[in-house]
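Below is one structure, written out as structure tokens; comments come after it.
The values are calculated or read from the model by the stated rules, or taken from the named source; none is laboratory data. It should be emphasised that the depicted structure is a prediction, and the values quoted were computed from it without experimental measurement. Note that we place each Cβ from the backbone using ideal geometry, even for glycine, and neighbour counts take in every protein chain shown.
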Amino acid sequence: MENHSEVVARLRTVFRAGVTIPQEFRLAQLRALLALMEDNEALIVDALNKDLGKPKFEAVLSEIEIVRNDICFAINNLKTWLMPEYVGTNLATKFDDCSIRRTPFGVVLIIGAWNYPLQLILLPLVGAIAAGNCAVLKPSEISQATEQLLANLIPKYLSKECYVVTCGGAEDTKKLLENKFDHIFYTGSQAVARSILRAAADHLTPVTLELGGKCPCLIYGSMDIKITAKRVVWSKYFNCGQSCVAPDYLLCTAETRDALLPAIREALEEFYGPDPQKCQDVGRIVTDKHWNHVMGLLEKSKGRVVIGGESAREEKYIAPTVVVDVDGSDSLMQEEIFGPVLPIITLETVEEAIDFVNARDNQAPLALYAFSDTQKVLSQVFDNTRSGGFCSNDGIVHMTLPTLPFGGVGASGMGCYHGWWSYDTFSHKRACVFRGFGLERVGAFRYPPYSDSNLSWLRWATTTKKSSCSVM
């Protein structure tokens with residue numbers, strides 16, 4: 001059996017032989033990946049249910065369809081993506097072919113996370129294939145059923161020469177990172193991201209980091225309370241709250257909170273019935289360790305549980321829970337909750353809420369949500385905060401579009417992907433000037449012996465016009 005260094009060396013040899021470069025090869029692999037998704041839907045749904053208790057509806061929506069759509073988008077647009085991007089020229093380069101050519105990095109490493117264990121491996125892989133790279137895939141060992149499914153299916157559908165799945169725990173990942181990769185794409189926690197960066201630094205390897213962050217949800221001004229409650233409940237408790245883009249806490253006035261709570265109760269009962277524990281549409285926490293962590297945060301909280309709070313360790317179940325009377329120092333506000341617990345903090349003005357979000361700069365959110373019928377409120381929140389993504393009057397939906405980049409800012413990540421952005425992430429932007437041997441009389445002005453007149457001409461020929469800020 002090959003060790004990590006042998007695998008990487010083999011893939012590098014294949015890449016240098018140009019196997020992954022032709023457009024037809026890339027399209028063939030993308031079509032094979034699409035076939036993997038379509039042929040094995042039942043197996044995928046079953047694995048996700050074993051790992052997370054994920055209902056079929058959520059599995060299809062967030063793991064299967066999002067990947068299928070991205071693959072189809074890449075197949076439909078690859079020919080255009082591969083075309084040179086021509087740039088403006090000045091007088092000195094007017095007759096040259098000046099463009100950006102996107103070329104593959106080489107051998108890339110994709111490390112996935114357990115909360116969306118299929119999506120977070122295969123979505124980056126779409127970009128890696130489209131860009132012409134070889135790839136090593138490292139699924140999360142925490143979601144064991146999906147990890148094994150990927151290890152079994154990838155070699156059956158994709159080129160074994162170019163794409164390899166490696167399994168194992170933290171120590172295996174640490175050894176894997178000792179090898180030189182040409183790009184590393186990591187999805188997971190901020191703590192592990194630091195070790196990824198340190199390992200990448202040894203080889204000066206570029207990285208893309210898709211991390212978490214406490215995503216705030218500001219609710220101010222007038223709005224439809226019932227619709228707001230339904231959308232907050234759906235986006236918060238989808239995947240049992242184990243989403244990096246789930247609303248992590250609400251900010252609103254006391255009056256809005258009091259109107260929202262009965263609407264949240266109503267939405268929860270409408271969605272999950274009077275006993276969510278018996279509902280097949282309610283997922284489970286991934287492991288005992290993660291269940292203990294979420295329950296520990298809830299037990300330490302000084303807030304008051306007003307909805308939910310029930311739990312069952314043997315099932316890794318935690319009821320959809322809402323906690324009020326929470327402030328910024330509470331245990332629930334110190335880190336991403338990553339579970340079905342929603343704290344509500346009351347601040348009386350949108351300005352106070354914006355200041356609260358901005359004061360938590362070390363927790364720059366991956367997404368920020370604002371609910372209001374008032375455009376002035378939405379614009380005020382957008383203009384005065386920063387986040388990886390922004391969505392008004394709903395949650396999560398911004399990440400479903402392959403035409404939008406998905407990524408964090410600050411502590412919530414660096415770089416982005418989805419659709420064209422995945423292709424761009426896994427491509428080197430190569431600056432190219434294709435020049436012939438003509439016009440040497442003009443080019444000769446740059447040669448010694450230097451003169452003021454030649455310098456004057458060259459400055460004129462290469463300078464951007466100040467009036468329009470456009471090149472000649």
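Worth a mention:
- Cβ-Cβ contacts under 7 Å between residues 6 or more apart (or on different chains), taken from a first residue in segment 368-394 that is without any contact (Cβ under 8 Å) to a residue 60 or more places away in the chain and charged (D, E, K, R) to a second residue that is in a loop (DSSP other than H, G, I, E, B) and surrounded by fewer than 22 Cβ atoms within 10 Å (Cβ to Cβ), are listed as 386/409.
- Exclusive hit being of a type outside the set (Lys, Arg), assigned to a strand (DSSP E or B) and farther than 30 Å from residue 134 by Cα, set 431, 370: 370
A quick yes/no check of all residues on (1) surrounded by 18 or more Cβ atoms within 10 Å (Cβ to Cβ); (2) assigned to a helix (DSSP H, G or I); (3) modelled with pLDDT of 95 or more; (4) not assigned by TED's automatic domain parsing to the domain that holds residue 152:
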residue	(1), (2), (3), (4)
21	no, no, yes, no
27	no, yes, yes, no
36	yes, yes, yes, no
47	yes, yes, yes, no
51	yes, yes, yes, no
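- Of the residues making up segment 281-304, just one is polar (S, T, N, Q) and over 27 Å from the mean Cα position of the chain (by Cα), namely 301.
- Among the residues listed as 161, 171, the single one being under 30 Å from residue 16 (Cα atoms), out of contact with any Asp or Glu (no Cβ under 7 Å at 6 or more places or on another chain) and modelled with pLDDT under 95: 171
- Residues located in segment 260-280, provided they are polar (S, T, N, Q) and under 29 Å from the mean Cα position of the chain (by Cα): 280
- Among the residues listed as 335, 348, the single one being within 26 Å of the chain's Cα centre (by Cα) and farther than 30 Å from residue 56 by Cβ: 335
- Checklist (1) of a type in the set (Gly, Ala, Ser); (2) part of a helix (DSSP H, G or I); (3) touching a residue at least 24 places away in the same chain (Cβ under 8 Å); (4) over 30 Å from residue 88 (Cα atoms) applied to residue 422, failing item: (4)
- Within segment 194-231, tally of residues that are free of Cβ contacts under 8 Å to residues at least 24 places away in the same chain and closer than 21 Å to residue 364 by Cβ: 5
- All of (1) over 20 Å from residue 360 (Cα atoms); (2) part of a loop (DSSP other than H, G, I, E, B); (3) touching a Gly at 6+ places or on another chain (Cβ under 8 Å); (4) in contact (Cβ under 8 Å) with a residue 24 or more places away in the chain hold for residue 438 with one exception: (3).
- Looking only at residues of segment 90-107 that are among the hydroxyl-bearing types (Ser, Thr, Tyr) and surrounded by fewer than 17 Cβ atoms within 10 Å (Cβ to Cβ), we find that the one that is nearest to residue 439 (Cα to Cα) is 99.
- Top-ranked residue in segment 379-407 [being under 26 Å from residue 206 (Cα atoms) and in contact with a Ser or Thr (Cβ under 8 Å, 6 or more places away or on another chain); ranked as surrounded by the most Cβ atoms within 10 Å (Cβ to Cβ)]: 388
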